[in-house]
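First the structure, in the form of structure tokens, and then the observations on it.
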Amino acid sequence: MLKRLLSAALVVVATYASDRAAEPVRYRLSFPEPQHRWMQVAAAFPDLTQQTLELRMSRSSPGRYSLHDFAKNVYDVRVSGKDGRELPATRPDPDGWTVAGHGGAVNVEYKVYGDRVDGTYLGIDTTHAHINMPAALMWAHGLEDRSATLTFEQPPGRTWRVATQLHPGSRPLEFIAGNLQYLMDSPAEFGPIAMRQFTVDSHAFRVSLHHTGSDADLDAYVKEVEKIVRLAGAVYGEYPDYEPGQYTFLVDDLPYAGTDGMEHRNSTVITWPSALASDRLELLDTVAHEFFHSWNVERIRPSGLEPFDFDRANLSGELWLAEGFTQYYGPLILHRAGLTDLSSTARSFTALVDTVVNDPGRHTRSAEDMSRMAPFIDGGRTIDRTNWSNTVVSYYPFGGAIALALDLALRDRTDNGISLDDFMRAMWRTYGKPGGSREGYVDRPYTAADAEATLADVSGDKAFARDFFSRYIQGHDAAGYPRLLARAGLVVRKTHPGRAWLGDVLLVTRNGVRVSTLVAPDWPVYATGLEQDDELQEVAGQHVRGESDLSIALGRHKPGDRVPIVFTDRTGRSTRATVTLAEDPHLEVVPVETPTAAQKAFRARWLGK
Ligand SMILES: [Zn+2]
């Protein structure tokens with residue numbers, strides 16, 4: 001089976017290559033000193049027709065929504081022309097090298113440092129080369145349609161193997177991409193990998209694992225991955241046609257790896273710092289999430305993400321669907337695959353429902369607005385302070401909660417006749433399945449209006465679709481989760497009923513006991529003027545030396561009580577005020593003890609038992 005698929009892949013490559021009259025861009029990657037964590041890159045840009053060549057390092061990477069400026073790790077850059085003589089390069093901006101007077105071909109050699117094993121960066125050491133292409137490869141403006149070859153050289157004394165979604169070339173460590181979009185979307189793991197494969201519905205899947213565990217660990221893991229692949233396929237009714245002939249899971253399970261998952265068109269990178277067995281469910285949830293992306297985002301693609309722009313951050317208002325719906329399906333697929341139980345699935349719903357109901361950010365920004373925050377919040381920490389804890393809810397749980405509400409609303413209206421699976425399938429048939437006329441591209445990316453029209457179509461109710469989008473996606477409402485979940489025998493209830501609450505205030509001991517969180521406008525204590533960095537001294541007559549004193553003080557009171565509070569702000573001004581305590585609003589989703597026959601039947605249709 002694999003042999004047949006591989007030869008089919010070679011035919012595809014030959015077709016792509018013959019479309020392009022110009023010679024491919026050629027990259028050679030070598031690792032003379034892997035212990036020092038840098039890689040040597042030699043890149044050849046032949047057949048140049050323009051007078052100047054604009055070489056670039058990417059600022060961003062497919063699947064990441066923020067800027068990363070990969071040029072920061074590039075050094076020792078040497079440029080030469082057709083006759084081999086060295087050429088000067090000017091620097092138009094921090095990410096570019098511009099070469100003039102090259103005579104029709106440019107060779108560039110450089111070193112790139114990388115010491116981060118995850119889905120975005122580059123990780124070189126004596127155990128492997130873990131390569132995300134935008135973090136590693138210079139490319140050129142105007143040559144985006146050129147094919148490329150990539151050749152790996154073994155580090156001294158190693159016999160590593162390559163796992164990648166790139167097409168195999170004519171030599172063992174040579175690989176091919178039809179164009180820049182596909183090249184940049186194709187990470188590679190070069191190391192002492194173990195490889196397993198399986199077939200579902202005549203589609204081939206490979207699991208490449210670089211780990212410190214046993215073969216038995218790997219085999220057990222691959223069995224669970226296969227279950228996930230089957231149940232994810234059942235949502236859509238079919239698999240995409242993976243261009244290289246198979247889909248590849250590139251897994252690095254190493255003590256020095258970061259915790260990450262990154263989707264690509266025909267592969268995913270999953271990195272994990274603990275052994276396979278210990279974080280089993282979280283790791284499998286990541287597998288389900290990333291694999292679901294091979295439909296939702298890689299092929300059913302929001303228009304703002306197509307094509308990917310390596311010079312700037314793409315912007316999309318639809319990440320609540322692209323990421324949030326994927327976030328919802330991860331635990332759902334694990335449950336349907338029999339890999340989790342009802343209480344753990346209910347916990348995943350708790351995280352969605354409590355976030356969307358209680359996080360203050362929903363009142364400031366809609367799900368679409370939150371999606372557009374991705375270029376800022378997907379990059380990690382900022383240097384300046386932000387008020388995001390009050391004004392931003394991540395589009396992952398926000399969109400996941402919207403998916404939960406929509407799935408249950410569709411099922412509720414039709415007695416389980418229509419569900420979110422039907423919506424995803426309709427999006428797939430209209431926007432994903434038509435694919436792209438060029439490998440790595442999507443010809444029919446969707447807009448929010450397209451998604452709403454698809455919902456109108458699937459539900460047969462245009463007014464329902466309009467109402468749902470205007471209230472929960474463009475507006476600021478939270479859906480009626482208690483009623484929706486009750487049909488499946490799940491209860492939404494207060495996590496701490498009757499507990500007095502003044503807000504989710506966290507404290508830190510730093511020159512006194514100080515507030516370490518922003519104070520949200522909908523917390524009872526907001527009205528007193530208490531804010532981050534203020535020193536909290538007394539609550540309800542109790543001297544506060546830490547969070548446990550705060551709990552003790554509140555434990556003596558009930559919601560509705562008015563209690564004194566004493567604090568000093570960071571300018572030294574002291575305040576004595578009164579706060580009216582509320583009931584702790586946090587929610588949890590739990591199964592009812594004895595579900596009715598109707599609830600059991602509903603649950604079985606939804607969660608598959
Ligand atoms: Zn994702």
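What to note about this one:
- Qualifying residue in the stretch 477-492 (condition: open to solvent by 50 Å² or more (accessible area, probe 1.4 Å) and in contact with a Lys or Arg (Cβ under 6 Å, 6 or more places away or on another chain)): yes
- Only one of the numbered conditions (1) within 13 Å of the chain's Cα centre (by Cα); (2) open to solvent by less than 10 Å² (accessible area, probe 1.4 Å) is violated by residue 266, and that is (1).
- Single residue of 361, 324 found to be modelled with pLDDT of 95 or more, open to solvent by less than 10 Å² (accessible area, probe 1.4 Å) and within 14 Å of the ligand (Cβ to nearest atom): 324
- The listed residues are 278, 294, 274, and the only one of them that is among the small types (Gly, Ala, Ser) and either within 12 Å of the ligand (Cβ to nearest atom) or part of a strand (DSSP E or B) (or both) turns out to be 294.
- Scanning the stretch 92-120 for residues that are surrounded by fewer than 14 Cβ atoms within 10 Å (Cβ to Cβ) and of a type in the set (A, V, I, L, M, F, W, C) returns a single hit, 100.
- You will find that of 212, 159, 151, 199, the residue that is of a type in the set (S, T, N, Q) and under 25 Å from residue 308 (Cα atoms) is 151 and no other.
- Across the stretch 585-609, the number of residues qualifying as touching a residue at least 40 places away in the same chain (Cβ under 8 Å) and part of a loop (DSSP other than H, G, I, E, B) comes to 7.
- Scanning the stretch 548-588 for residues that are touching a strand residue (DSSP E or B) at 6+ places or on another chain (Cβ under 7 Å), under 22 Å from residue 513 (Cβ atoms) and open to solvent by 50 Å² or more (accessible area, probe 1.4 Å) turns up 552, 557, 564, 574, 576, 578.
- Test result for residue 307, in contact with a helix residue (DSSP H, G or I) (Cβ under 7 Å, 6 or more places away or on another chain), more than 16 Å from the ligand (Cβ to nearest atom) and open to solvent by 10 Å² or more (accessible area, probe 1.4 Å): yes
The values are calculated or read from the model by the stated rules, or taken from the named source; none is laboratory data. The shown structure was predicted, so the numbers you read here are calculated from the model rather than taken from an experiment. Cβ coordinates were reconstructed from backbone atoms using ideal geometry, including for glycine residues, and neighbour counts include every protein chain displayed. These accessible areas exclude ligands, DNA and RNA; they are computed on the full protein's heavy atoms, side chains included. Shrake-Rupley method; radii C 1.70, N 1.55, O 1.52, S 1.80 Å.
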